[in-house]
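Notes follow once the structure below has been shown.
The values are calculated or read from the model by the stated rules, or taken from the named source; none is laboratory data. This is a predicted model, so every value here is computed, not measured. Here the Cβ is made from the backbone with ideal geometry for all residues, glycine too, and neighbour counts use every protein chain on show.
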Ligand SMILES: CCCCCCCC(=O)SCCNC(=O)CCNC(=O)[C@H](O)C(C)(C)COP(=O)(O)OP(=O)(O)OC[C@H]1O[C@@H](n2cnc3c(N)ncnc32)[C@H](O)[C@@H]1OP(=O)(O)O
């Protein structure tokens, strides 16, 4: 048995199944806290705080740190075309700016990291995602081949309460010949609006999505999604988005979304 498997089994044995299920609520709270703070602060991976108190050896901590370093899919890769890179550079250069005195400080935009499981955003999420439904993957990040499906990066602007997404649609997303499938467009819209609503309001779920498809999106092209906050009412966050070409001049799709704040209990009850 490998060193990692031994450590993982020790984690599971340490508390027993009953405690683990009971602890799910605590983990869930950590998850929403961790997800939220991670998505807000845009810091590198947070220090890991495992929920199992019996894990305290230096070697175990080393393994947990290793487990908590997932790939960030929102960074440039070799499949990105020139439009995707240009727009990435455009927004990324506004994440950190230099003052006249030569000091670096936060700019108006923040790049959001993106992993193949949302759980990995959480404090301790790296190891948790290996234990709880370990094969689960975020739909938009589940295809390994670079450039084949959803290539995207999101940036948020706290002051303007806006979120933008630069999206390059790969060849596996075909609907009408040579163009992107409407369901794939709905998926990226839901992802962008959902992420934006989460940034604004904490954990949410989509309850309504309304989409108008105006012009088809050529397969392989890069488009820009711009999401804005319309209003917040109690647990409800109303957001809307436009999908345009990279110059912002041609409108492909527009959508509105309603997101309702949920608790971890909502997620676990189903
Ligand atoms: C990091 C990647 C991000 C990806 C983001 C992807 C997001 C997703 O796709 S989520 C998956 C798809 N969505 C779902 O499966 C959600 C299914 N729905 C549910 O589980 C439940 O409706 C749930 C838990 C969200 C809310 O239920 P509940 O807590 O009972 O709230 P409920 O009282 O019904 O509704 C709250 C408010 O929203 C309103 N509302 C609910 N549904 C709708 C709707 N379809 N249209 C308009 N208003 C609605 C209610 O009228 C109520 O309003 P008010 O407070 O003014 O009375």
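Brief remarks on what is shown
- Selection of region 100-143 for residues being in a strand (DSSP E or B), away from the ligand (no atom under 11 Å from the Cβ) and closer than 22 Å to residue 203 by Cβ yields 110, 111.
- Just one of the numbered conditions (1) surrounded by 15 or more Cβ atoms within 10 Å (Cβ to Cβ); (2) away from the ligand (no atom under 15 Å from the Cβ); (3) under 23 Å from residue 69 (Cβ atoms) is not true of residue 168: (3).
- Any hit, region 243-262, residues being surrounded by fewer than 18 Cβ atoms within 10 Å (Cβ to Cβ), within 17 Å of the chain's Cα centre (by Cα) and more than 10 Å from the ligand (Cβ to nearest atom): no
- Just one of the listed residues (162, 158) is under 13 Å from residue 241 (Cβ atoms), more than 16 Å from the ligand (Cβ to nearest atom), surrounded by fewer than 22 Cβ atoms within 10 Å (Cβ to Cβ) and assigned by TED's automatic domain parsing to the domain that holds residue 250, and it is 162.
- So residue 120, is it touching a residue at least 40 places away in the same chain (Cβ under 8 Å) and closer than 22 Å to residue 217 by Cβ: no
- Scanning region 73-87 for residues that are surrounded by 17 or more Cβ atoms within 10 Å (Cβ to Cβ) and in contact with a helix residue (DSSP H, G or I) (Cβ under 6 Å, 6 or more places away or on another chain) turns up at least one hit.
- Any hit, region 228-243, residues being free of Cβ contacts under 8 Å to residues at least 24 places away in the same chain and within 25 Å of residue 82 (Cα to Cα): yes
- Listed conditions (1) crowded, with 17+ Cβ neighbours inside 10 Å; (2) within 16 Å of the ligand (Cβ to nearest atom) are all met by residue 180, apart from (2).
- Qualifying residues in region 202-228 (those that are within 16 Å of the ligand (Cβ to nearest atom) and surrounded by fewer than 19 Cβ atoms within 10 Å (Cβ to Cβ)) - the one nearest to residue 157 (Cα to Cα): 202
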